[in-house]
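J.: Please find one structure pasted underneath; my questions will follow.
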Amino acid sequence: MSTDGFAALPKPPYYAVIFSSQRNGHDEPGYYATAARMVELAQQQPGYLGVESTRGADGFGITVAYWESEEAILAWRRHVEHTAAREQGRRDWYDHFELRVAKVERAYGWDRQTP
């Protein structure tokens, strides 16, 4: 992940796993430690491209993880630590979540040049 919050990504196509969630506020230290570990671990997986994430003061957050292929996404889903974190999230940290997988076929951006 780049330092400004935007993932440095290759030209499409690639895949985006979009995780929208509502935190319940329970076990904040455990949640944030596990979230950091999941990013660290995901970065080590074949096919990982990057991540962008944000969370509001109300506990609603969106994390988008980018992957080279559906196979890479499935391998990440099967990873034993990731599986345990998902189960703990359902049990302890989230009131609701939605997960969506999309193929990115086109991408563009813009950046204001600072004089």
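The values are calculated or read from the model by the stated rules, or taken from the named source; none is laboratory data. What you see is a predicted model; the values in this text were computed from it and never measured. Don't worry about glycine lacking a Cβ; one is built from the backbone with ideal geometry, like all the others, and counts go over all protein chains shown. Only protein heavy atoms, including side chains, enter the accessible area calculation; ligands, DNA and RNA are left aside. Shrake-Rupley method; radii C 1.70, N 1.55, O 1.52, S 1.80 Å.
J.: Considering only the range 41-62, state which residues are in contact with an Asp or Glu (Cβ under 9 Å, 6 or more places away or on another chain) and under 19 Å from Arg86 (Cα atoms).
T.: Leu41, Tyr48, Gly59, Ile62
J.: Report whether or not Gly50 is surrounded by 12 or more Cβ atoms within 10 Å (Cβ to Cβ), in contact with a strand residue (DSSP E or B) (Cβ under 8 Å, 6 or more places away or on another chain) and in a helix (DSSP H, G or I).
T.: no
J.: What is the number of the single condition among (1) under 23 Å from Phe6 (Cα atoms); (2) out of contact with any Pro (no Cβ under 9 Å at 6 or more places or on another chain); (3) not hydrophobic (A, V, I, L, M, F, W, C) that Glu105 does not meet?
T.: (2)
J.: Separate question: Can you tell me how many residues within the range 53-85 are of a type in the set (S, T, N, Q) and either open to solvent by 40 Å² or more (accessible area, probe 1.4 Å) or touching a Ser or Thr at 6+ places or on another chain (Cβ under 9 Å) (or both)?
T.: Number satisfying all stated conditions: 3.
J.: Among the residues of the range 86-106, what is the count of those that are outside any helix (DSSP H, G or I), surrounded by fewer than 11 Cβ atoms within 10 Å (Cβ to Cβ) and of a type in the set (D, E, K, R)?
T.: 4
J.: If I ask for residues that are out of contact with any strand residue (DSSP E or B) (no Cβ under 8 Å at 6 or more places or on another chain) and under 15 Å from Asp95 (Cβ atoms), which ones from the range 7-47 would you list?
T.: Gly25, His26, Asp27, Glu28
J.: Here's another thing I want to ask about it. Just give me the residues in the range 5-45 being open to solvent by less than 30 Å² (accessible area, probe 1.4 Å), in contact with a helix residue (DSSP H, G or I) (Cβ under 7 Å, 6 or more places away or on another chain) and in contact (Cβ under 8 Å) with a residue 60 or more places away in the chain, in sequence order.
T.: The answer is Val17, Arg23, Tyr31.
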